[in-house]
Amino acid sequence: MIQKYIRSDLQNFQPYSTPSLPYKVKMDSNESPFPLPEEIKQELIQWIKTDENLNRYPDTDTTQLRKELGKVWNMKKENIICGVGSDQLIDCMMKVFLEPKDKVLIPSPSFSMYALTARMNHGIPIEVPLKDNYDYGSTQIVEAYKKYQPKIVILCTPNNPTGNSLSIEEIEKIVSQISCPILIDEAYGEFAGESMIPFVEKFPHLFVIRTFSKAFGLAGIRVGYGIGSKDIIDAISITKPPFNISTLSEKIALLALKQVPTYHERIQLLQEEKKWLKNQLESMGCQVYSSKANFLLTKIEKKNIRQALMEKQILVRDFSKHPNLSHCIRITIGTRHENELLLKALREILFKKEDKS
Ligand SMILES: Cc1ncc(COP(=O)(O)O)c(C=O)c1O
């Protein structure tokens, strides 16, 4: 009955879904394994008790958070926009720039939301395959740009799900040959330690997005931000819904920015865990790709590995059906305890011997 009223290009559209499954260890969404730092909890309780102001609508411009982010990045608040997760900013960017059937250049494999969001906004995603080792080929991207004349080009660095990144020099080389708006997705930027944000004045067609969902461990508050020239921020503001960031979310993000040393320690710890886990997986015979992010793309030559792990209540992301990622799963780095539980489960599955320890 209702089906016939759905837009014809969305009739068979499969929306993004992540099933909520019971778990002991959650390593499927590249979240942080750490809880909110104690200092933030205390300040939040105090704020709720004294001046929450939750009977009012939030500041539609998220002014305070943009100002504080401006101090972090040495940028003006006019160069910054906040979104309900960086997802919303990807959507706003497509909404404002795409006319029906405009093309969006997307690396492949990469974050699945790019293609979905392009389609939802009447665009056509054009996938540019990464090289055999999943490195970006800068020449291929520039060639594809010339061939397809897209309205938007997307570079995800470090790339999800492969973990590889582009150097600043490589990105500069690419963006200087492209004139349409370019989205640089740095959702995992804090783990890689490099950013294109200092280059947004030099390249006014860049829109660099970051998020509080990964290194800041705040996936639950849904706050992301984008930085770019005033022109690109003004353009993207056209499609940003009003009051998008809740007062509560803005407050928590502000408190998080006061705890940067704690987050640095946590990032360091996860980097060490990543190195350790990579070695352990390799010693079990798995192929593990180098990663600049908080996850490892791992090739395991055994069928239904994700299902077998799921039965042990360990969640990982399965990519084995992706044409360029056969036998691959993506494992988010956890605490040492979580990583050990994963390894124990994998040993049981791969070597079929019940580990009773
Ligand atoms: C590459 C990339 N970009 C953007 C996002 C969206 O993050 P959020 O909307 O939580 O900021 C994700 C989430 O997994 C991601 O992997």
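Against the criterion of being open to solvent by less than 50 Å² (accessible area, probe 1.4 Å), over 22 Å from Phe191 (Cβ atoms) and touching a Phe, Trp or Tyr at 6+ places or on another chain (Cβ under 9 Å), Ile81 qualifies.
Restricted to region 251-291, and to residues there that are of a type in the set (D, E, K, R) and buried (at least 21 other Cβ atoms within 10 Å of the Cβ), the residue that is farthest from Gly189 (Cα to Cα) is Lys251. If the condition is being open to solvent by 80 Å² or more (accessible area, probe 1.4 Å) and of a type in the set (S, T, N, Q), then region 19-39 contributes only Ser20.
Please state which one of Lys76, Lys95 is away from the ligand (no atom under 16 Å from the Cβ) and modelled with pLDDT of 95 or more. Exactly one residue qualifies, and that residue is Lys76. Whether any residue in region 88-106 is within 17 Å of Ile245 (Cα to Cα), charged (D, E, K, R) and surrounded by 12 or more Cβ atoms within 10 Å (Cβ to Cβ) is what I want to check. Within region 88-106, one or more residues are within 17 Å of Ile245 (Cα to Cα), charged (D, E, K, R) and surrounded by 12 or more Cβ atoms within 10 Å (Cβ to Cβ). Taking the listed residues Asn244, Asn339, the one that is under 30 Å from Asn53 (Cα atoms) and touching a residue at least 12 places away in the same chain (Cβ under 8 Å) is Asn244, with no other qualifying. Just to be sure, is Gly137 within 14 Å of the ligand (Cβ to nearest atom) and either in the same structural domain as Gly228 (by TED's automatic domain parsing) or modelled with pLDDT of 95 or more (or both)? No: the conditions fail for Gly137. Could you check how many residues of region 332-347 are open to solvent by less than 20 Å² (accessible area, probe 1.4 Å) and out of contact with any strand residue (DSSP E or B) (no Cβ under 9 Å at 6 or more places or on another chain)? The total comes to 1. Checking Ile45, Ile40 one by one, the residue that is more than 16 Å from the ligand (Cβ to nearest atom), without any contact (Cβ under 8 Å) to a residue 24 or more places away in the chain and among the hydrophobic types (A, V, I, L, M, F, W, C) is Ile45 and no other.
Checked against the criterion of being closer than 19 Å to Phe34 by Cα and surrounded by 15 or more Cβ atoms within 10 Å (Cβ to Cβ), the candidates Ile300, Ile305, Ile314, Ile329 yield just one match: Ile314.
In the set (1) modelled with pLDDT of 95 or more; (2) away from the ligand (no atom under 16 Å from the Cβ); (3) within 30 Å of Thr298 (Cα to Cα), the condition left unmet by Glu31 is number (2). Identification of strands (runs of 3 or more DSSP E) wholly contained in region 147-258 with 2 or more residues that are closer than 19 Å to Ser32 by Cα and within 12 Å of the ligand (Cβ to nearest atom) yields 206-211, 224-228.
Would you confirm whether or not region 108-122 contains a residue that is part of a strand (DSSP E or B), within 14 Å of the ligand (Cβ to nearest atom) and outside the structural domain of Arg317 (by TED's automatic domain parsing)? The answer is yes, given that some residue of region 108-122 is part of a strand (DSSP E or B), within 14 Å of the ligand (Cβ to nearest atom) and outside the structural domain of Arg317 (by TED's automatic domain parsing).
The values are calculated or read from the model by the stated rules, or taken from the named source; none is laboratory data. It should be emphasised that the depicted structure is a prediction, and the values quoted were computed from it without experimental measurement. Positions of Cβ are generated from backbone atoms using ideal geometry, with glycine treated the same way; all protein chains shown enter the neighbour counts. The protein model used for the area step is the full one, side chains on, heavy atoms only, and it has no ligands, DNA or RNA in it. Shrake-Rupley method; radii C 1.70, N 1.55, O 1.52, S 1.80 Å.
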